Structure formats: structure tokens, C-alpha cells
Amino acid sequence: MTGALSGRVALVTGAARGIGLAIATALAGAGAHIVIHDRDEEADAVARRLGSGGQATPLIADLAQPDAIGRMHAELDRQALAPDILVLCASVEIRQTLAELSDEALAVQSEVNLHATARLLKAFLPAMQAGGFGRVIAIGSVQEARANADCLYYAATKAAQTNMILNLARTTRAGDITFNVIQPGAIRTDRNRSILAQPGREEQALARIPLGRIGLPDDCAGLALLLCSPEGSYINGAEIAVDGGMRL
């Protein structure tokens with residue numbers, strides 16, 4: 001798919017690491033100009049690495065701040081960058097049971113996982129509609145189908161995000177704008193690495209995965225590339241698991 005996304009601008013949130021980085025790398029390899037969003041300076045380093053030819057732009061913002069998306073939109077306007085691909089990868093996962101759940105955990109997971117999704121769509125979807133092309137991909141979670149007790153509220157925010165994406169897939173009447181959800185399972189990211197390192201946790205996860213291995217961020221990147229490419233243009237409103245069968 002080299003060059004398949006030439007001329008496209010892709011904003012990938014949470015793109016400095018993990019699944020976001022893998023997807024950003026794949027889209028850059030297909031010719032897209034990548035806006036590397038993250039909440040810290042690592043976005044600068046990733047943009048320099050991916051954009052040696054000027055094809056990557058860093059964008060630092062904390063999605064937990066309600067005004068972050070407005071500032072992101074203004075900065076991209078200033079640089080004459082209008083994303084027609086939006087990958088919603090940034091999220092906050094706080095592992096607490098219902099008894100442990102704090103107001104702070106409720107607030108930050110709601111803000112980043114759900115409110116920021118709505119604000120990003122409100123900010124960037126109109127330009128896609130005006131231009132006649134758009135790809136929106138939300139990174140969901142296997143937790144939507146196979147929630148753990150200590151991810152009760154995280155799973156709820158991811159399920160709500162999926163509902164929002166499917167609503168737009170159903171109600172947005174446009175010839176070449178699609179909305180889809182990738183739902184990863186156990187992926188060896190920085191977030192999960194420390195959890196999997198706990199005694200017995202990796203073995204417990206593997207027992208639930210028919211393919212018998214922990215996934216890698218790159219396992220999600222190829223699917224994202226397909227959904228953004230001409231070959232995936234008739235896939236709309238799909239929830240696609242990348243979990244080795246863990247949801248079953």
C-alpha cells in the first residue's frame with residue numbers, strides 16, 4: 001500500500017507509544033502526513049523519527065483538559081493541516097473495582113475516553129464532510145465484551161465510545177466517510193507490560209486466548225491501514241476484534 005495515502009493528513013491521538021505509534025508508523029509508510037499527538041514531548045521525538053522528509057507534525061496536548069481540542073484545532077489551522085483521517089487511540093485506564101472507584105478516576109476516564117472523542121469529532125468531522133473524504137477509527141477494547149472487575153468504568157467508557165462511533169456510521173450520509181472500531185485484546189504495550197509481569201498474569205491471559213500468544217501493537221496497525229485505504233472504503237460501522245479470539 002505504499003503511496004495509497006499520499007496527500008492525506010492523519011491525526012493519531014496517543015501516537016507516541018504503543019498501538020498509536022504502530023498505527024502512525026503504518027500510515028506514514030503509506031504516504032500520509034501524520035500529526036503525532038501525545039501529552040508530552042515524546043511526540044516531538046516520534047515526529048522527528050517518522051517525518052525526516054517533513055511528513056510528520058508533533059501536537060502536544062492533554063486530552064484531560066476540556067480546552068485541549070480547541071487548542072489542537074487552532075494549531076492545525078495555523079499550520080494549514082486539515083486531518084481527513086482521525087485515529088482515536090489515546091485513553092486512560094485506571095484499574096479499580098466498583099468499591100474502589102474514585103471520583104478522580106471517574107472524571108479523568110470520562111474526559112479522555114469519552115468527552116475528548118466527542119470534541120475531536122465535532123472539531124474535525126466538518127472538514128471531512130466538506131472535502132468528501134474521511135476515515136475515523138476508534139481504538140476500543142476487548143473489555144467491552146470481556147470486562148474484568150477492576151476495569152469496570154474503563155470498559156463502560158469504551159463501550160460508550162463505540163456506541164458514538166456506530167451512531168455516526170449509521171447517521172452520517174457521505175459517500176466516502178467511514179467510522180469503524182478496532183477492539184484490541186491483550187497487546188504487549190507499555191501499559192500492559194507491567195500488568196503481564198505480575199506473577200501468573202500472563203499465563204492467565206494466555207489461557208483465554210485461542211491463538212496462544214500476547215498480541216503486538218503491529219497486529220493492530222495493518223487493520224488500521226486497510227480501513228484508511230481504498231481497499232477498505234466499503235467497511236463502515238464495523239467492530240473488529242484484534243484479540244486472538246480472547247472475546248470468545
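The values are calculated or read from the model by the stated rules, or taken from the named source; none is laboratory data. If you're wondering where the values come from, they're calculated on a predicted model, not measured in any experiment. All Cβ positions, glycine included, derive from the backbone under ideal geometry; neighbour counts span all protein chains shown. Protein only, heavy atoms only, side chains kept; ligands, DNA and RNA dropped before computing areas. Shrake-Rupley method; radii C 1.70, N 1.55, O 1.52, S 1.80 Å.
Within the stretch 201-218, take every residue that is open to solvent by 40 Å² or more (accessible area, probe 1.4 Å), touching a helix residue (DSSP H, G or I) at 6+ places or on another chain (Cβ under 8 Å) and not in a loop (DSSP other than H, G, I, E, B) and give me the one that is modelled with the lowest pLDDT. That would be ARG201.
Within the stretch 162-177, one or more residues are out of contact with any strand residue (DSSP E or B) (no Cβ under 9 Å at 6 or more places or on another chain), in a loop (DSSP other than H, G, I, E, B) and farther than 24 Å from VAL112 by Cα. Only a single criterion out of (1) open to solvent by 20 Å² or more (accessible area, probe 1.4 Å); (2) closer than 27 Å to ALA16 by Cα; (3) touching a residue at least 12 places away in the same chain (Cβ under 8 Å) is not satisfied by PRO126, namely (3). Mind listing whichever residues of the stretch 232-248 are surrounded by fewer than 20 Cβ atoms within 10 Å (Cβ to Cβ) and of a type in the set (Val, Ile, Thr)? Answer for the stretch 232-248, where residues must be surrounded by fewer than 20 Cβ atoms within 10 Å (Cβ to Cβ) and of a type in the set (Val, Ile, Thr): ILE235, ILE240. Only a single criterion out of (1) surrounded by fewer than 23 Cβ atoms within 10 Å (Cβ to Cβ); (2) closer than 29 Å to ASN148 by Cα; (3) touching a residue at least 60 places away in the same chain (Cβ under 8 Å) is not satisfied by ARG8, namely (2). Residues in the stretch 184-200 that are hydroxyl-bearing (Ser, Thr, Tyr) and not in a loop (DSSP other than H, G, I, E, B): SER194 only.
Take the residues in the stretch 86-108 that are more than 21 Å from ASP218 (Cα to Cα) and not in a loop (DSSP other than H, G, I, E, B), then tell me which one is modelled with the lowest pLDDT. Per the stated criteria, the residue is GLN96.
Has the stretch 177-192 got at least one residue that is exposed (fewer than 14 other Cβ atoms within 10 Å of the Cβ) and closer than 19 Å to GLU93 by Cα? Yes, the stretch 177-192 contains a residue that is exposed (fewer than 14 other Cβ atoms within 10 Å of the Cβ) and closer than 19 Å to GLU93 by Cα. State whether one or more residues within the stretch 103-115 are in contact with a Cys (Cβ under 8 Å, 6 or more places away or on another chain), β-branched (Val, Ile, Thr) and closer than 14 Å to ILE139 by Cβ. Checked against the condition, which is being in contact with a Cys (Cβ under 8 Å, 6 or more places away or on another chain), β-branched (Val, Ile, Thr) and closer than 14 Å to ILE139 by Cβ, the stretch 103-115 yields no hits at all.
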